[in-house]
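The values are calculated or read from the model by the stated rules, or taken from the named source; none is laboratory data. Because the structure is a prediction, the values reported are computed rather than measured. With ideal geometry, Cβ positions are generated from the backbone for all residues, glycine too; neighbour counts draw on all protein chains shown.
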Amino acid sequence: MSAAREPIGVIGTGYVGLVTAAGFAELGSDVICVDIDAEKIARLEAGEIPIYEPGLAELVESNRSRLTFTTDISVALERARLLFVAVGTPPTYSGDADLSAVHAVVEAMPASDRHALVMKSTVPVGTGRAIKRLFEEQGKPGFRYVSCPEFLKEGTAVGDFLRPDRVVVGDDGDWAGDAVVELYRPLLDAVAVPGEDPLDGLVRTDIASAEMVKLASNAFLATKISFINEIANVCEETGADVVEVAKGMGLDDRIGPKFLNAGIGFGGSCFPKDVTALKQLAGNSGYHFQLLNSVIEVNELQKRRVIGKLEKHLGSLVGKRIALLGLAFKPNTDDMREASSLVLAARLQAAGATVTAFDPIAAEVARPMLRGVVLSDDAVSAVAGADAVVLVTEWQEFRELDLGELRGAMAGDVLIDGRNALDASVAASAGFRYEGVGRRPQAPSLASTA
């Protein structure tokens with residue numbers, strides 16, 4: 001990549017900030033990464049990556065000469081005119097986004113007509129307008145603002161950055177928007193269909209519309225998940241198999257197969273927060289977004305249904321030993337935000353059960369959140385003596401488990417496949433009473449019980 005690319009600043013070194021910084025460094029930009037957490041910066045300077053994301057450590061290491069880590073924002077202001085903001089915007093108790101970190105960044109900016117904030121953090125629609133008003137009030141009218149929402153998926157974030165399905169830039173049609181487009185142009189060129197304009201993958205629009213694209217996209221995907229989960233619940237009542245139903249639906253190109261995997265609900269840092277934020281935004285604007293209320297309700301219902309399935313097989317859960325396989329909200333990440341395992345563990349303990357668990361990556365992150373849960377070093381140890389096991393996160397190594405060995409370590413024979421990741425017939429052959437989500441239950445085969 002060309003060394004002539006302009007340097008950039010990235011404020012915040014979490015999932016989005018660190019992947020964005022490493023990705024732009026891979027494209028040839030010098031990147032100044034700023035964070036108020038001095039310990040995190042020290043770890044990054046020492047070559048330690050504080051989060052688990054496949055390929056990220058290698059990307060940071062290979063571009064170390066282009067990456068600067070600092071707690072001093074003036075270093076970024078001196079060297080870069082574009083400052084990408086990737087700070088946290090967690091939900092408050094009211095459901096609104098907590099923009100305190102964003103406002104701290106705005107306050108830290110000097111008066112300037114050569115700098116621009118490029119917002120990567122997910123913020124409510126209208127945030128850009130409010131920030132521009134703050135710049136005016138603070139005597140910084142020349143400071144520019146661009147909305148450039150991120151669409152990175154944890155577990156595949158590096159690939160998502162380097163091969164984006166779209167780039168959204170919301171701006172006022174000035175130099176800052178042009179500069180952001182130029183930064184992303186090599187990525188648009190790389191994924192362009194031969195013979196088509198690379199800028200077909202670019203959505204350049206106004207700031208409010210760019211802000212809405214991110215919230216609307218995640219809310220739609222969450223709606224798709226809750227819809228297939230509702231279909232799965234009906235399948236359980238009617239004897240249909242949701243896996244076959246989803247396959248038939250997904251072949252319709254108006255629907256598509258993605259996000260049609262029934263399970264125990266979505267979690268993570270984006271879907272729950274963004275669905276709630278959009279619902280709250282609509283409510284604050286005087287509109288009742290009724291559909292999103294149902295999306296949230298269905299997502300919570302899926303976790304309760306797991307408890308019901310266990311009680312169907314085991315009766316009272318008092319004194320029962322239940323093993324959870326997987327803790328992170330999805331595979332290939334150690335992110336525990338809004339993870340289904342947290343809800344399941346708490347409800348199982350409230351019902352009187354003893355809970356054991358194993359996750360190949362997220363165990364240490366999860367440990368302080370799972371008081372009373374016994375964390376094991378491997379799957380077989382986690383299920384030893386268990387009356388039932390629940391597959392919570394569909395890690396590849398769980399798909400490859402020897403189910404016969406797993407069953408042999410258990411006291412009971414109940415397997416709840418919360419992600420429909422396992423072969424039901426293989427589970428039955430191994431001696432399990434198998435239940436997926438929206439699938440017909442499988443009794444242990446005669447051979448396995450002989």
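Would you point out the residue of the stretch 327-346, among those that are under 16 Å from VAL389 (Cβ atoms) and not in a loop (DSSP other than H, G, I, E, B), that is farthest from the chain's Cα centre (by Cα)?
Here is the first cut: in the stretch 327-346, the residues under 16 Å from VAL389 (Cβ atoms) are 327, 340-341, 344-345.
Okay, now just the ones that are also not in a loop (DSSP other than H, G, I, E, B), so 340-341, 344-345.
Values: SER340: 13, SER341: 15, LEU344: 19, ALA345: 20 Å.
The qualifying residue farthest from the chain's Cα centre (by Cα) is ALA345.
Of the residues ASP96, ASP35, ASP30, only one is under 24 Å from ARG144 (Cα atoms) and either of a type in the set (A, V, I, L, M, F, W, C) or surrounded by fewer than 22 Cβ atoms within 10 Å (Cβ to Cβ) (or both); which? Spell out how you get there, then give the answer.
Working: ASP96 fails: under 24 Å from ARG144 (Cα atoms); ASP35 fails: either of a type in the set (A, V, I, L, M, F, W, C) or surrounded by fewer than 22 Cβ atoms within 10 Å (Cβ to Cβ) (or both).
Exactly one residue qualifies, and that residue is ASP30.
Could we say that ARG43 is surrounded by 15 or more Cβ atoms within 10 Å (Cβ to Cβ), closer than 28 Å to ARG337 by Cα and among the basic types (Lys, Arg) here? Taking the combined requirement at face value, the residue satisfies it. Checking each residue in the stretch 67-111 for being in a loop (DSSP other than H, G, I, E, B) and within 24 Å of the chain's Cα centre (by Cα) picks out ALA86, VAL87, GLY88, THR89, PRO90, THR92, TYR93, SER94, GLY95, ASP96, ASP98, LEU99.
Taking the criterion of being aromatic (Phe, Trp, Tyr) and either surrounded by fewer than 17 Cβ atoms within 10 Å (Cβ to Cβ) or assigned to a helix (DSSP H, G or I) (or both), would at least one residue in the stretch 260-269 satisfy it? Don't jump to the end; show me each part of the working.
So the first thing to find is which residues in the stretch 260-269 are aromatic (Phe, Trp, Tyr), and the list is 266.
Filter once more, keeping what is either surrounded by fewer than 17 Cβ atoms within 10 Å (Cβ to Cβ) or assigned to a helix (DSSP H, G or I) (or both): none.
No, there is no match, as no residue in the stretch 260-269 is aromatic (Phe, Trp, Tyr) and either surrounded by fewer than 17 Cβ atoms within 10 Å (Cβ to Cβ) or assigned to a helix (DSSP H, G or I) (or both).
Per the listing VAL213, VAL191, VAL181, the residue uniquely under 20 Å from PHE161 (Cβ atoms) and surrounded by fewer than 17 Cβ atoms within 10 Å (Cβ to Cβ) is VAL191. ARG304 passes every criterion in (1) at pLDDT below 95; (2) in a loop (DSSP other than H, G, I, E, B) apart from (2).
Given LYS312, LYS330, which one is surrounded by fewer than 19 Cβ atoms within 10 Å (Cβ to Cβ) and out of contact with any helix residue (DSSP H, G or I) (no Cβ under 6 Å at 6 or more places or on another chain)? Lay out the reasoning, then the answer.
Numbers: LYS330 fails: surrounded by fewer than 19 Cβ atoms within 10 Å (Cβ to Cβ).
The conditions single out LYS312.
Quick one: is ALA277 in contact with a helix residue (DSSP H, G or I) (Cβ under 9 Å, 6 or more places away or on another chain), surrounded by 16 or more Cβ atoms within 10 Å (Cβ to Cβ), of a type in the set (Gly, Ala, Ser) and in a helix (DSSP H, G or I)? When the stated conditions are applied, ALA277 passes them. Of the residues making up the stretch 201-217, those that are under 12 Å from ASP172 (Cα atoms) and of a type in the set (Val, Ile, Thr) are THR205, ILE207. Remark: pairs (first residue in the stretch 283-304, in the same structural domain as VAL392 (by TED's automatic domain parsing); second residue basic (Lys, Arg); Cβ separation under 6 Å; 6+ apart in sequence or on different chains) = PHE289/LYS279; LEU292/LYS279. The number of residues in the stretch 161-187 being farther than 20 Å from GLY126 by Cβ, of a type in the set (Asp, Glu) and in contact with a helix residue (DSSP H, G or I) (Cβ under 8 Å, 6 or more places away or on another chain) comes to 1. Hey, any hits in the stretch 276-286 for a residue that's of a type in the set (Ser, Thr, Tyr) and modelled with pLDDT of 95 or more? No, every residue in the stretch 276-286 fails to be of a type in the set (Ser, Thr, Tyr) and modelled with pLDDT of 95 or more.
Listed conditions (1) under 30 Å from ARG440 (Cβ atoms); (2) of a type outside the set (Lys, Arg); (3) in contact (Cβ under 8 Å) with a residue 12 or more places away in the chain are all met by THR238, apart from (3).
Any idea which residue in the stretch 53-66 is modelled with the lowest pLDDT, counting only those that are part of a loop (DSSP other than H, G, I, E, B) and crowded, with 18+ Cβ neighbours inside 10 Å?
Of the stretch 53-66, the ones part of a loop (DSSP other than H, G, I, E, B) are 53-55, 63.
Next, only the ones that are crowded, with 18+ Cβ neighbours inside 10 Å stay: 53, 63.
On the way: GLU53: 94, ASN63: 97.
Within the stretch 53-66, the match that is modelled with the lowest pLDDT is GLU53.
Of all the numbered requirements in (1) more than 18 Å from LEU310 (Cα to Cα); (2) touching a residue at least 12 places away in the same chain (Cβ under 8 Å), ALA427 misses one, and that requirement is (1). All conditions but one from (1) under 28 Å from the mean Cα position of the chain (by Cα); (2) at pLDDT below 95; (3) of a type outside the set (Ser, Thr, Tyr) apply to ASN420; the one that does not is (2).
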